[in-house]
1. How large is the accessible surface of A:PHE236 in square angstrom, using a 1.4 angstrom probe and rounding to the nearest 10?
2. If the cut-off is a Cα-Cα distance under 12 Å, which aspartates and glutamates reach A:LYS106, setting aside same-chain residues fewer than 8 apart in sequence?
3. Within the set A:LYS138/A:LYS346; A:LYS725/A:LYS758; A:LYS637/A:LYS690; A:LYS108/A:LYS374; A:LYS44/A:LYS138; A:LYS263/A:LYS291, which residue pairs have Cα atoms separated by over 23 Å?
4. So if I average 1/r over every pair of distinct C-alpha atoms in segment A:734-789 and take the inverse, what Kirkwood radius in Å does that give?
5. Estimate the FRET efficiency between A:LYS725 and A:ASN407 by the formula 1/(1 + (r/R0)^6), using the beta-carbon distance for r and 41 Å for R0, to the nearest 0.05.
6. Mind listing the phi-derived Karplus ³J(HN,Hα) values for segment A:449-462, rounded to whole Hz, using 6.51, -1.76 and 1.60 with θ = phi - 60°, and x for any glycine or proline?
7. Could you pull out every Cys in chain A that lacks a partner Cys with its beta carbon under 4.7 Å away?
8. Give, in nm to one decimal, the length gained when the segment between A:GLU457 and A:GLN773 is fully stretched (0.36 nm per residue of separation minus the Cα-Cα distance).
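The values are calculated or read from the model by the stated rules, or taken from the named source; none is laboratory data. Since we're looking at a predicted model, the values are computed, not measured. No Cβ is skipped: glycine too gets one built from the backbone with ideal geometry, and neighbour counts run over all protein chains shown. Protein only, heavy atoms only, side chains kept; ligands, DNA and RNA dropped before computing areas. Shrake-Rupley method; radii C 1.70, N 1.55, O 1.52, S 1.80 Å.
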Amino acid sequence: MIASVIVDVPAKQIDRTFDYQVPENLQSVVQRGIRVVVPFGPRKIQGFILGIKEESSVKKLKLIEEVVDIEPVLNEELMSLSEWLTEQTLCYRISALQVMLPAAMKAKYNKFFHLLEDVDIPSHIRELFQKESPLTWKTADEQHALKDLQELIKQRKVEVKYVVRQSGNVKKKRFVEINGQLTVDDIPANAKKQKLIMEHLNRHDGKMSVAELKEAAGTTSAVIKTMIDNGYLKEFFSEQYRDPFAERTFEKTEHFTLTPDQKNAITPILEKVNQYEQQTFLLHGVTGSGKTEIYLQTIDQVLKQNRQAIMLVPEISLTPQMVQRFKGRFGNQVAVMHSGLSVGEKYDEWRKIHRGEVNVVVGARSAIFAPFKKLGVIIIDEEHETSYKQEDSPRYHARDVAIERSNRHGCPVILGSATPSLESFARAKKGNYQLLELEYRMNQQDLPEVRVIDMREELREGNRSMFSRDLLTEIEKRIEKKEQVVLFLNRRGYSSFIMCRDCGTVMQCPHCEVSLTYHRSKESMKCHYCGHEEYVPNTCPECESEHIRYFGTGTQKVEEELFKLMPHVKTIRMDVDTTSKKGSHEKLLDVFGRGEADILLGTQMIAKGLDFPNITLVGVLSADTMLHLPDFRASEKTFQLLTQVSGRAGRHEKPGEVIIQTYTPEHFSIELAKSQNYEWFYQKEMMMRKAAQYPPFYYLSLITLSHENVNKAAGVCNEIADILKSRLSDQSIILGPVASPIARIQDKYRYQCIIKYKREPELKNLLKKILDQYSDTGKDAVTIHIDVQPYIMM
DNA sequence: AGCACGCCGACT
DNA sequence: GTCGGCGTGCTC
């Protein structure tokens, strides 16, 4: 019996199967989809079995070392999906397999030195082995003993052993139970604590977790240990799930009655669910139109049919409120997967899905690979969000994976958004997707009134602060009325940088072509691309002037300004700095929700999902900061964000108001966000895209080359552009080679080439060939990246 | 990606 | 003359 294995090495030359002989004792367990440990060259690594066969063209086969799983971790559907993913995104097969599993299941590798012969070895090496045996690579390296060890290996006195370790650990909890042979009466009369422990245990069917028992009986583990040693108790371990929501109870919620609007939308969806048919729906509904209830009732129907549901939400909006709604409706049938969980917690949630203990998963992008066997619906909320596109290999878009999986399962996909991506809306208009419109807000309230403030006007009239007079007045009014305010700072692409006021020098990263970001807490400057950090200099490195200051409006700066203007107001600031600790995001929102602060000030992360009745004013401090980024989606993103943010105000009885500050009030994405007119925005933006030959009229592919030498990167990029030009049709447009928007990262210069095309059936094969030809791993080789349908052009 | 093998410069 | 630099090629 021979197994074809894809090994855990993401490299061009290794991206194929290797055959291994299956030892007699493993033949009954070995099958497609399980992981194994195999010898590979001098080391041992993990791999996935792709298939079983009886013969191989390779003469000398090695034996599989061991199996990691007893049953497949990836079922047949996911195994074949990985093939599709490899093909679509031009990634290595191993990366496609790996991305479907939680991070905890990625293998870790260790090297150990074993002493074979204790005679005639240097004394310092012997000492090392006396302290630690087997000796780890790490210690050997720290003690600078690697060289000597290498010599000893040659002399066959020391041997290297490679160990494959599974990082994902099943959490075990320690329990004790009454042994049975001895009873309370056998306990010595003076051992009061022991008797007490027995009493507690008897009240709990004779067994309890050690932690609980200690707590209940008020003793220490010493007493319990004595009882185990004396045979009164025996210990055992039980597998536990780490439950990130353990301390929370979820109130059971029931169906809402749907409005006629909602009924119209859900009917065609349920039809497809009942017919077990694929169909992609685009559910377009303004904020507050009740999309979530449609999701919930669809999932409910799916569960009744004994099928399962995947619900994707953007990472950033996977708030406790959201989880609450799903757990409240479906109880413990729900698994939650998002980046806020620890690696172990994610692993546990994944195992619940794999074992079929839950039927719904609510999660971010990677939850699209949830190992369900019978999918009844896949829902992608806020489908326009760019976080559904993975930016590193495999560069997949969750929407594409969703549609592919739905085809295999025969189930509908629902894409929901108040501001659909142009691509999706265009597909819906063409009839590729079925468009479902929710036109009314559920409780009939009006959309909040939106006021646009021209900041140029403010400047002309002498107001140099970041707050317009109107905004300040309105904030004051709300605070008097004890209502709450949300201030939104769009910081993307424009964070605080440090500049010399005399010569204009901006502090830049020495390794990347980007300016450093000021971090007030440490008085330092940091590079967001390579992590380089240094202290803010006292004098300008160029002109030695002392007039160095930071520019840009970071949230910290806004907070300070706000405090200067209104010292009596309590502000909560939410940004990466204040929410990096686990659970802090939730905590801050809780405080705000309880009304303990007047203003919530934040970035991106507060744009979504907040739903507090007392918010009656939303202020956008600078609407146009990302409008001028070199990104053809800049207008779309601005419109989406402003619409999104505006939706935070007046969601309940009290009417809401939105104030948008901008330097370009005449820009159509700001004008139309004011009236929340998606349809007009769509028409207008489509015209722009058509004129500029961008998606959805053209597809894109992006090729990036990077190398320490500018000329080399540019040269290879040029060669590739030439190949493309000669091999593609005249209909296609090749932009470049040009330097990437970020021209250098980690000392490597970056050149790129963009392909715009409508129909190019041979493009994938051509790109594969180019990848093949240019992905050398040698020392002086250029690094090539290909992103089919990129979202970020950097 | 690792790791071994193998061919040319500065040292005991 | 050797030690060791890292270029080249292989991993079932």
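1. For A:PHE236, solvent-accessible area is about 60 Å².
2. A:ASP8
3. Working: A:LYS138/A:LYS346 29 Å; A:LYS725/A:LYS758 15 Å; A:LYS637/A:LYS690 18 Å; A:LYS108/A:LYS374 32 Å; A:LYS44/A:LYS138 18 Å; A:LYS263/A:LYS291 11 Å.
A:LYS138/A:LYS346; A:LYS108/A:LYS374, as the Cα separations exceed 23 Å there.
4. Details: mean 1/r = 0.0777 Å⁻¹.
For segment A:734-789, inverting the mean 1/r across all distinct Cα pairs yields 12.9 Å.
5. On the way: r = 35 Å, r/R0 = 0.85.
For A:LYS725 and A:ASN407, the calculated efficiency is 0.70.
6. For segment A:449-462, the Karplus-derived couplings read 6, 10, 10, 9, 10, 7, 6, 5, 4, 4, 4, 4, 8, x Hz, x marking Gly and Pro.
7. When partners are defined as cysteine Cβ atoms under 4.7 Å apart, chain A leaves A:CYS91, A:CYS411, A:CYS530, A:CYS717, A:CYS753 without one.
8. Numbers: separation 316, 0.36 × 316 = 113.76 nm, distance 5.67 nm.
Residue separation times 0.36 nm, minus the Cα-Cα distance, leaves 108.1 nm.
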